[in-house]
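The values are calculated or read from the model by the stated rules, or taken from the named source; none is laboratory data. Just so it is clear, the model here is predicted, and its values are computed rather than measured. Please note: Cβ atoms are built from the backbone with ideal geometry, for glycine as well, and neighbour counts cover all protein chains shown. Just the protein is used for accessible areas: all its heavy atoms, side chains included, with ligands, DNA and RNA removed. Shrake-Rupley method; radii C 1.70, N 1.55, O 1.52, S 1.80 Å.
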Amino acid sequence: MTPEAFVAELDRTNREALERLGAAATAGEPGPGLSVTLLLKLALKNEIEASEIAGRWMGRSPEIDVKLALARQAGDEAKHYRLIEERLAALDVPPGSVDPLAEGYTPLFQYLAGLETTVERVAAGQFTRESLALIRNQAFIDYCESQGDAETARLYREIIQPDEEHHHELGRKLLLRYADTPERQEAARRAAAGTLRLAEEIQETARLRRGISRAPGC
Ligand SMILES: [Fe+2]
Ligand SMILES: [Fe+2]
């Protein structure tokens, strides 16, 4: 399969799972314990993990274009962290009062950290995780607007979402370049499926435990 045909196929198979996840993220009425503040605190964990994983991968990827894409992403996710922290401060949560890693890293982080090759990382991380973030963030934006929080909605719509879109597109560009053998394509397919499987498990656990849907992505 040409890289172009492969990426089109991955787009199609991902879309199916992403639609399911998107529907689950907006299913039902938001629980009474849910608030923009609580969801922003959860977002800090996604952002710090996304930044750290990109930083780790940068050091382990030999390709210059991959290093640069990951460096850009690590910086963007760190910027998102700070912007969310500032927004939380405006909502009376003092900066530095939340330790997003107090309970350790998520299973998704551990999974991504264990991926050994460029195509796996790009497929699971940038291409798939970032498209998931786009869907999650949109559900969060809608929730913010329903709560009358136009400022948080604006932050996500105007600053964070365009960055996540860019990360996803970087993933596409790199897959078109590097997913060029049947073996690499199969590895990329498996890695992307792993991200989606974990995302579904995480979403289900969060929903059962705390009634949380509408949480933003990275
Ligand atoms: Fe991102
Ligand atoms: Fe982000």
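Descriptive notes on the structure:
- Residue check, Leu44 at pLDDT below 95, under 17 Å from Leu134 (Cα atoms) and either in contact with a helix residue (DSSP H, G or I) (Cβ under 6 Å, 6 or more places away or on another chain) or within 16 Å of ligand 2 (Cβ to nearest atom) (or both): no
- Exactly one residue among Ala27, Ala69 is crowded, with 20+ Cβ neighbours inside 10 Å and either hydrophobic (A, V, I, L, M, F, W, C) or over 18 Å from Thr195 (Cβ atoms) (or both), and that residue is Ala69.
- Screening Glu120, Glu151, Glu186 for residues that are more than 16 Å from ligand 1 (Cβ to nearest atom), in contact with a helix residue (DSSP H, G or I) (Cβ under 6 Å, 6 or more places away or on another chain) and not small (Gly, Ala, Ser) leaves exactly one candidate, Glu120.
- Scanning the range 98-107 for residues that are within 16 Å of ligand 1 (Cβ to nearest atom) and modelled with pLDDT under 95 returns a single hit, Thr106.
- Considering Ala215, Ala199, Ala133, Ala153, the condition of being within 16 Å of Gly22 (Cα to Cα) and out of contact with any Lys or Arg (no Cβ under 9 Å at 6 or more places or on another chain) is satisfied by Ala133 alone.
- Matching residues, the range 150-168, being within 13 Å of the chain's Cα centre (by Cα) and of a type in the set (Asp, Glu): Asp163, Glu164, Glu165
Residue by residue, here is whether (1) of a type in the set (Gly, Ala, Ser); (2) not in a helix (DSSP H, G or I) holds:
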site: Ala8; (1), (2): yes, no
site: Arg12; (1), (2): no, no
site: Pro32; (1), (2): no, yes
site: Leu38; (1), (2): no, no
site: Ala43; (1), (2): yes, no
site: Trp57; (1), (2): no, no
site: Leu70; (1), (2): no, no
site: Asp76; (1), (2): no, no
site: His80; (1), (2): no, no
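- Hey, Arg20 under 22 Å from His168 (Cβ atoms), assigned to a helix (DSSP H, G or I), more than 16 Å from ligand 1 (Cβ to nearest atom) and not acidic (Asp, Glu) or not: yes
- Screening the candidates Ala187, Ala179, Ala192 for the property of being under 13 Å from the mean Cα position of the chain (by Cα) and crowded, with 19+ Cβ neighbours inside 10 Å yields one hit, Ala192.
- Within the range 130-171, being open to solvent by 40 Å² or more (accessible area, probe 1.4 Å), in a helix (DSSP H, G or I) and closer than 20 Å to Glu85 by Cβ holds for Arg136, Ala150, Glu151, Arg154, Arg157, Glu158, Ile159, Pro162.
- Single residue of Ala90, Ala50 found to be within 16 Å of ligand 2 (Cβ to nearest atom) and of a type outside the set (S, T, N, Q): Ala50
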